[in-house]
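Asker: Pasting a structure below so you can have a look.
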Amino acid sequence: MDQAVAIFRRMGFIVADGPDLETVWDNFDALNAPQDHPSRTPEDTFYFDLDKRDWLDPETMILRTQTSDVQIRVMKAQQPPVRIVCPGRCYRRDTPDATHGMSFHQIEGLYVDKNVSLADLKGCLATFSREMFGEHTKIRFRPHFFPFTEPSVECDASCMVCGGKGCNVCKGTGWLELAGAGMVNPAVFQNVGYDVNEVSGFAFGLGIERMAMIRYAINDLRLLYDNDVRFLHQF
C-alpha cells in the first residue's frame, strides 16, 4: 500500500481517508448503484441496525464495500480540481477462498477537472503498472460495466511471471486482471453538485492483495492472513 501511494503521489495525487462505517447513501446511492443491485442485499453487505431501519434507507449504516465512499465525501466537500487516492480496508460477505475474503484492502483513485479523458486514465494506469511491476509491463483495456463510471473498463497488466507469453499464473493468456476503471458517470457528478457540462473525470480501483499476489506470484489470498511465519519470512 505504501509503495502504491508513493507512486500516485509522484503523479500529483494526494491521499484521502474516510471511515470504515458508512451510510448506504455514500456507499451506494451517491455512486449510482440501483436499489436492485445484488451487492446491496444483506446477503452481500454487512448492515447495522436493521431492526430499526430498512436496508435501502439511505441513512442505514454499513461496513463499506469499497473505498469509493471517500471519493463522494471529498467531492461533497470541495469543488474541482480533485486528484486523490483512497487506500483502505473494505468488507464484503464473501466466503473466503483463494481469491476472495470478507475483509480486504483497496486503493481507489479519482481525478476530476476540465477536459479529463480516457487517454489520461490509460496513461495514469500504464505509468503506475510500470512503476509497480517493472518497466516492460504493458496494459490493456476491456469494455466492462460499473454503475458509477461510463464508459467502464477492466484494466489488465501483462503477466510479470512469463512476460506475457502465457503461463499457469495467467492461465495461458499472458494477462492478469489489475483494476476496474472508467470515466465518472455524470449521475455521480450530479449527486455531489458538480456541473456535468464543465468537468469530467476518471476513477479506478485496485486491490492491494491482488497486486501483492501478482507481484510475488502468490496463488492463494488466504496466505496473506494466515500468519504462517514460514510464509511471512520470505518477505
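Throughout, read-outs are computed from the coordinates displayed, never taken from laboratory work. Here the structure is a predicted model, which means the values were calculated and not measured. Cβ coordinates were reconstructed from backbone atoms using ideal geometry, including for glycine residues, and neighbour counts include every protein chain displayed.
Asker: With all pairs of different alpha carbon atoms counted, what Kirkwood hydrodynamic radius in Å does segment 1-69 show?
Answerer: 13.4
Asker: Beyond 18 Å, how much of the Cα-Cα pair distribution for segment 1-125 remains, as a whole percent?
Answerer: Percent of Cα pairs beyond 18 Å in segment 1-125: 57.
Asker: Now for a separate question. Given a Förster radius of 30 Å and the C-beta distance between Ala187 and Val161 as r, what FRET efficiency does 1/(1 + (r/R0)^6) yield to the nearest 0.05?
Answerer: Here the calculated transfer efficiency is 0.15.
Asker: Here is a follow-up. Stokes-Einstein D for segment 114-235 at 25 °C, 0.890 mPa s, Kirkwood Rh over Cα pairs, in µm²/s?
Answerer: 153
Asker: Quick one: net charge around Pro81, please, counting Lys, Arg +1 and Asp, Glu -1 for every other residue with C-beta under 15 Å from its C-beta.
Answerer: -2
Asker: Can you give the Rg to Rh ratio for segment 2-232, taking only C-alpha atoms and Rh from Kirkwood?
Answerer: Using only Cα positions, Rg/Rh for segment 2-232 is 0.97.
Asker: Right, another one. Taking only the alpha-carbon atoms of segment 62-146, what semi-axes of the equivalent ellipsoid follow from 5 times the gyration tensor eigenvalues under a square root, in whole Å, largest first?
Answerer: Three semi-axes, in Å: 24, 21, 12.
Asker: Mind checking which aspartates and glutamates have their Cα closer than 17 Å to the Cα of Lys52? Skip sequence neighbours fewer than 8 apart in that chain.
Answerer: Within the straight-line limit of under 17 Å, Lys52 reaches these aspartates and glutamates: Glu22.
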